[in-house]
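Reading through the structure tokens given below for one structure.
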Amino acid sequence: MANKDGHRRFGSIRKRESGRYQARYPGPDGKIRSAPETFARKAEAERYLSLIEAQMARGEWIDPDRGKIRLQDYAERWITERPNLRPRTVHLYRWTLGKHITPYVGGVPLNRLDTPMVREWRARLLAEGVSLTMAAKAYRLLRAILMTAVKEDELIRVNPCRVVGADQEKPAERPVLAVPQIFALAERMPERFRALILVTTFGCLRWGEVVALQRCDIDMTAGTVRVRQAFVEHRGTGLILGPPKSRAGVRTVALPKSALPVLKQHMANYVGEASEAFVFTGESGRNLWRGNFNKLVKWSEAVAAVAASGLHFHDLRHTGNTLASRAPGASLRDIMARMGHDSPRAALIYQHANREADQGIADAIDKAVKAARRKPSKRKPRQAPGDGEPAAEAS
């Protein structure tokens, strides 16, 4: 805004030799700063200064020099300083950053990132063959990093990750085993791994949770399994024993009685007497690695034999979750507790699938009712009073 004598009250504008206009203004610290770019018209420079003045008045102004840090440098620091990240999560974040983010926009300063640039980056990922699921994971990681830059560090004013639908993934529907298939798959395993299949499935356990079970976690009298720790495979370090994925992951799960005889036999034949003895180990007694398990048990051949080709080990937990959601009277909180989730999002997915199945049953019943009503009645019509014999009196 200009004063009566023609001088601006806030900032200054000058015309450069190129014919474009440069806007300059003093920050709260008294340091003179220039707009990040020049303007074709003086009116545009004036609007820019008015905007900066208004931001300062509202306390929303951010020093542009702070946002000059490269995305790559800030993201690396973000991962390092992120509290309570599990080693596997750190590895996944660093891999995603180095594979799908840094090569494209890693050298861009934070204050130069905008929504069109983010949209172009995502489109390029998809054009180069990155799956929709992986692109969504990379987008969510970038959005989380930049949200910290906005909310906590105040390096930029607005998060540029505002591409509608970019955070959504549509993974393929995973197979669900029928109960006979579960037991058939267990029978296809080497004897020392049959109980592993049943406990994983009916207990709704993750791989890291089931291979971290110890004798003290099994209560054969109560028929329960206690989950209090999990193994994480970390490249270059090995197996790391730590807490479950979330606080809700610490839980006690009841197993169906039909699975207990197999587990009891396994405990007697393959588990040491010490309370800290691990329940599921390899032939050598060492802890199991996920990457070696499929080859060890000839997984592909086993799942094909039970008509479940393409089944992954993690689908056993998915099967267990589905069975739990179908149990009569199972509430959302019950399913969350069994799955080890502290967010209802995953449990709601299973409940939604169960409602769809229930609706299918209702539709089938309705179809049968309609078919029955269309059939002509073979009974003779009842005679009305006065047509032949009199009608019987009501008792």
Margin query: Give me the dipole magnitude in Debye, nearest 20, for segment 1-111 about the Cα centre, with unit charges on the beta carbon: positive for Lys and Arg, negative for Asp and Glu.
Written below: 140
Check: Which pairs, out of 31/137; 99/170; 68/170, put more than 30 Å between their alpha-carbon atoms?
Finding: 31/137; 68/170
Check: Roughly speaking, what is the centre-to-centre gap between segment 238-301 and segment 15-38 when only Cα atoms are used, to the nearest Å?
Finding: 66
Next item on the list: Please work out the Cα center distance from segment 44-82 to segment 168-195, rounded to the nearest Å.
Entry: 51
Checklist line | residue 60 paired with residue 120, simple spin-label distance in nm, labels 7 Å along Cα-to-beta-carbon | finding: 2.6
Check: Got a sec? What order do 332, 260, 205 fall in by accessible area at 1.4 Å, biggest, i.e. largest, first?
Finding: 332, 260, 205
Next item on the list: Quote the accessible area belonging to residue 209 in square angstrom, nearest 10, computed with a 1.4 Å probe and with ligands, DNA and RNA left uncounted.
Entry: 0
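What full-extension length gain, to one decimal in nm, is calculated for residue 132 and residue 81 as 0.36 nm per residue of separation minus the Cα-Cα distance?
Numbers: separation 51, 0.36 × 51 = 18.36 nm, distance 2.86 nm.
Answer, rounded to one decimal: 15.5 nm.
The values are calculated or read from the model by the stated rules, or taken from the named source; none is laboratory data. Predicted model, so just to flag it, every value in this text is computed and none were measured. Cβ coordinates were reconstructed from backbone atoms using ideal geometry, including for glycine residues, and neighbour counts include every protein chain displayed. Accessible surface is based on the protein model in full, side chains and every heavy atom, while ligands, DNA and RNA are left aside. Shrake-Rupley method; radii C 1.70, N 1.55, O 1.52, S 1.80 Å.
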